[in-house]
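Below is one structure, written out as structure tokens, with a few remarks after it.
What follows draws every value from the coordinates through simple rules; no lab data is involved. Here the structure is a predicted model, which means the values were calculated and not measured. Please note: Cβ atoms are built from the backbone with ideal geometry, for glycine as well, and neighbour counts cover all protein chains shown.
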Amino acid sequence: MHPRFGQISYEDAGTGPAVVLLHGFPFSSGIFQGLLERLSDKYRMIAPDFPGAGSTSALLHPEDASMELLAELVKVILDQENVEQCVLVGHSMGGYVAMAFADAYADQMKGLCLLHSTAYDDTEEKRQARVRSIQFIQTHGSELFLKQMIPGLFASHYVHAHLDEVNQIVKQSQRIPAEMLIAYYRAMMKRPDRSYLLRTLKIPIAFVFGKEDTSLLLDQALAQISFPADSRVHILDQTGHMSMLEQPMKLSMYLQQFMDYCQAIS
């Protein structure tokens, strides 16, 4: 038990150079199960559960939630596992956490992949959407909210073809306490613009986007890809916000190539 975080759970598979997968909202490390299985033959894949997700304790004071606090949880795990350097892969909110980690611990990073994520802060439109989501949870509860919200993260054709899988993901997400969902929304709204770090980090940076992602508009996301000195971008057709499920083989191939590159130049 950690004095600040209580019980911390994380997946730890394979041996070799470390890669840390940071899940998004409102998921857990389980969303990366396929990637862990495919990539752990060559790399040590570590996937934390953020507070309230998986078996990690919810925060005693949910209002303390911040991207910086979640980055500290990642640091605790790396120190516990004696990992000195790693490639960070952050999905959605996990990308915001990765940027907070880079702000504090850049020397521990060999590479960064923003997976359906951005280094920018929220637009005013996005903040207002998060406020409406908080109000919905407070009025109608988190179960109904997640049932309506999660299918919209996928390309519509994927939901129709994989309805049972999507419903199972909804059920898993419904285990996260409502107060933590609200706390994460507020934490995301408060996060600063860290796009300047993309210009100053001296590591390879990769971006993966989906053409049918309605959560992260492609035009806005593409504005940041020219900032890093060593940058690559993959844009996936017929894909929403969830390429680890929608395009698992392509994403695995991209990440394998990126991890190999980061290792080769380090």
Add -39500 (n - 2.57) for each DSSP H run of 4 or more in the chain, then divide by its residues: what number comes out at 222 nm, to the nearest 500 deg cm²/dmol? -13500 deg cm²/dmol
If you place +1 on the Cβ of every Lys and Arg, -1 on the Cβ of every Asp and Glu, and leave all else neutral, what size is the dipole of the chain about its Cα centre, to the nearest 20 Debye? 200 debye
Can you give the Rg to Rh ratio of the chain, both from alpha-carbon atoms, with Rh computed by the Kirkwood formula? 0.93
Would you mind calculating the relative contact order of segment 1-70 from Cα pairs under 8 angstrom and at least 6 residues apart, reporting the percent as a whole number? 39 percent
Along segment 146-154, what does the Karplus equation 6.51 cos²θ - 1.76 cosθ + 1.60 (θ = phi - 60°) give for ³J(HN,Hα), rounded to whole Hz, x for Gly and Pro? 5, 4, 8, 7, 5, x, x, 7, 9
Please compute the contact order of segment 200-240 in relative form: average sequence separation of alpha-carbon pairs under 8 Å and at least six residues apart, divided by the residue count, as a percent. 59 percent
Farthest positive-ward along segment 44-178 dipole, Cα basis, beta-carbon charges - from Leu163, Tyr120, Gln138: Leu163
Candidates per trypsin sites (Lys or Arg not before Pro) in segment 208-266, loop by DSSP, up to 15 other Cβ within 10 Å: Lys211
So how do Asp164, Asp107, Asp12 line up by other beta-carbon neighbours within 10 Å, fewest first? Asp164, Asp107, Asp12
Which ³J(HN,Hα) values, rounded to whole Hz and listed in residue order, are derived for segment 113-120 from phi using the Karplus coefficients 6.51, -1.76 and 1.60 in 6.51 cos²θ - 1.76 cosθ + 1.60 with θ = phi - 60°, glycine and proline given as x? 10, 8, 9, 6, 9, 8, 8, 6
With +1 on each Lys and Arg Cβ and -1 on each Asp and Glu Cβ, and nothing else charged, work out how big the dipole of segment 173-239 is about its Cα centre, in Debye to the nearest 20. 360 debye
What relative contact order, as a whole-number percentage, does the chain give when Cα pairs under 8 Å and 6 or more residues apart are counted? 20 percent
Around Pro26, what is the net charge, scoring Lys/Arg as +1 and Asp/Glu as -1 over all other residues with Cβ under 13 Å from its Cβ? +1
For the chain, with a Gaussian network of springs between Cα atoms less than 10 Å apart, report the residue from Asp122, Asp193, Asp219 with the top mean-square fluctuation. Asp219
For the chain, with +1 on Lys and Arg beta carbons and -1 on Asp and Glu, the positive-most of Tyr10, Met249, Pro26 along the dipole: Pro26
In whole angstrom, how far apart do the alpha carbon centroids of segment 180-202 and segment 127-166 sit? 22 Å
